[in-house]
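Reading through the structure tokens given below for one structure.
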Amino acid sequence: MLRLGIDIDGTVTAPETFVPYLNKSFNKSLTYNDLNQYDLTKVLNITEDDFWQWMDEFEPIIYKEAPLALHAKTVLDDWKEQHQLLFISARRKHLFDITHNWFKERELYYHNIELIGTHNKLEAVKNNEISIFFEDKHDNACMISEEHQIPVILFNTPYNQDPVPKGVVRVNHWLEAKNWVNQWYETKVI
């Protein structure tokens, strides 16, 4: 049984989730492909303070309404009996009830949900003895893979196109992730 560490936003939720909220709030006409940087302050040309003020207001709404990423539920449902599903997110802890309810409403199974309030997931990966991590944030994927010597599945987005080290595997959706994990797992079991 693998211990799968799984990011939530942009990984289990559709990575384009924020776009309509950004457009409405900041009077923009951004497309998903315009999000070519993870740091939205640079995309929007706003200050950190302005961004976090906006997040304080809209983060609960966005996380409550976020759609699932393509094939996420199908694959995670397939894995729930075979592997441990450990969700590790940079979401802030006060969003736990919203996050838990989102999983419940979508009937998305989990063994554990941990909101760590920071993008630095190295300690959480170590403490949870993660076998493979699933991520959309480029630097997280690289750091986790290099620090813990585990494979990291990086979901392709416009904002994570920098080169990646050998231990980071790019996929376009959850079915590709499942195929890679199944092949990797078979080589480990044999």
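Of the residues making up the range 91-131, those that are more than 21 Å from L2 (Cα to Cα) and among the hydroxyl-bearing types (S, T, Y) number 2. Take the conditions (1) surrounded by 13 or more Cβ atoms within 10 Å (Cβ to Cβ); (2) touching a residue at least 12 places away in the same chain (Cβ under 8 Å); T41 misses just one of them, which is (2).
Having 3 or more residues that are modelled with pLDDT of 95 or more and within 28 Å of V125 (Cβ to Cβ) is the bar; report the helices (runs of 4 or more DSSP H) wholly within the range 1-85 that clear it.
40-44, 48-65, 72-79
There is no residue in the range 113-130 that is modelled with pLDDT of 95 or more and among the hydroxyl-bearing types (S, T, Y).
Could you list, in sequence order, all residues of the range 81-97 that are surrounded by fewer than 17 Cβ atoms within 10 Å (Cβ to Cβ) and closer than 18 Å to E59 by Cα?
R92, K93, H94, F96, D97
Among residues that are loosely packed, with under 15 Cβ neighbours inside 10 Å and either hydroxyl-bearing (S, T, Y) or touching a residue at least 60 places away in the same chain (Cβ under 8 Å) (or both), E105 is not included.
Hey, could you check the range 92-132 for residues that are in a helix (DSSP H, G or I) and in contact with a Gly (Cβ under 6 Å, 6 or more places away or on another chain) and say which is farthest from W79 (Cα to Cα)?
The extreme case among them is K93.
The values are calculated or read from the model by the stated rules, or taken from the named source; none is laboratory data. From a predicted model like this one, the values you see are computed outputs, not experimental measurements. Every residue, glycine as well, gets a Cβ built from its backbone with ideal geometry; the counts of neighbours run over all protein chains shown.
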